[in-house]
Amino acid sequence: MKSNALKKNSLHIKSGDTVYIISGKEKGKTGKVLRIDRAKNKAVVEKLNIAKKHSKPTQKSPSGGINEIEMGIDVSNMLLYCNKCAKPSRAGNKVLENGEKIRYCKRCEEEF
């Protein structure tokens, strides 16, 4: 029997990371991750993948109009961006002597 519970996927990015987009209409751009939707495997990146949303006038916003909002981008289309080497890089994981887990740049060994 199938479980209806949502499976939490482990992702290589976190909120607040700087990412580089490797495919899609925003290819080649960098931005900061604002939030992540684990169920859909999407991340909202600051000032990227902008869509226009039309809203009717309501009591809260009497003017209504057209709003621009940031839509999610699939995390498979992103790489972490290393500020030290100024290039996109894959992330590696390692455990320090004190038991702390860290992510590091596979190009320059710098900690993210």
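Details
- Checked across the stretch 24-43, the condition of being surrounded by 13 or more Cβ atoms within 10 Å (Cβ to Cβ), touching a Phe, Trp or Tyr at 6+ places or on another chain (Cβ under 8 Å) and at pLDDT 95 or above holds for at least one residue.
- Filter pass, residue 67 being at pLDDT below 95, outside any loop (DSSP other than H, G, I, E, B) and of a type outside the set (Phe, Trp, Tyr): yes
- Per the listing 91, 43, 86, the residue uniquely touching a helix residue (DSSP H, G or I) at 6+ places or on another chain (Cβ under 7 Å) and within 24 Å of residue 111 (Cβ to Cβ) is 43.
- Residue in the stretch 70-90 that is surrounded by the fewest Cβ atoms within 10 Å (Cβ to Cβ), counting only those that are part of a loop (DSSP other than H, G, I, E, B) and among the hydrophobic types (A, V, I, L, M, F, W, C): 86
- The residues of the stretch 56-90 that are touching a residue at least 40 places away in the same chain (Cβ under 8 Å) and hydrophobic (A, V, I, L, M, F, W, C), listed by number, are 73, 75, 78, 79, 80.
- Considered as a group, the residues in the stretch 91-101 that are free of Cβ contacts under 8 Å to residues at least 40 places away in the same chain and either within 28 Å of residue 39 (Cβ to Cβ) or within 20 Å of the chain's Cα centre (by Cα) (or both) include one that is surrounded by the most Cβ atoms within 10 Å (Cβ to Cβ), and that residue is 92.
- Selection within the stretch 50-86: residues that are within 18 Å of the chain's Cα centre (by Cα) and among the charged types (D, E, K, R). The member of this set that is farthest from residue 11 (Cα to Cα) is 70.
The values are calculated or read from the model by the stated rules, or taken from the named source; none is laboratory data. Here the structure is a predicted model, which is why all the values come from computation and not from measurement. Heads up, the Cβs are rebuilt from the backbone with ideal geometry, glycines too, and the neighbour counts pull from every protein chain shown.
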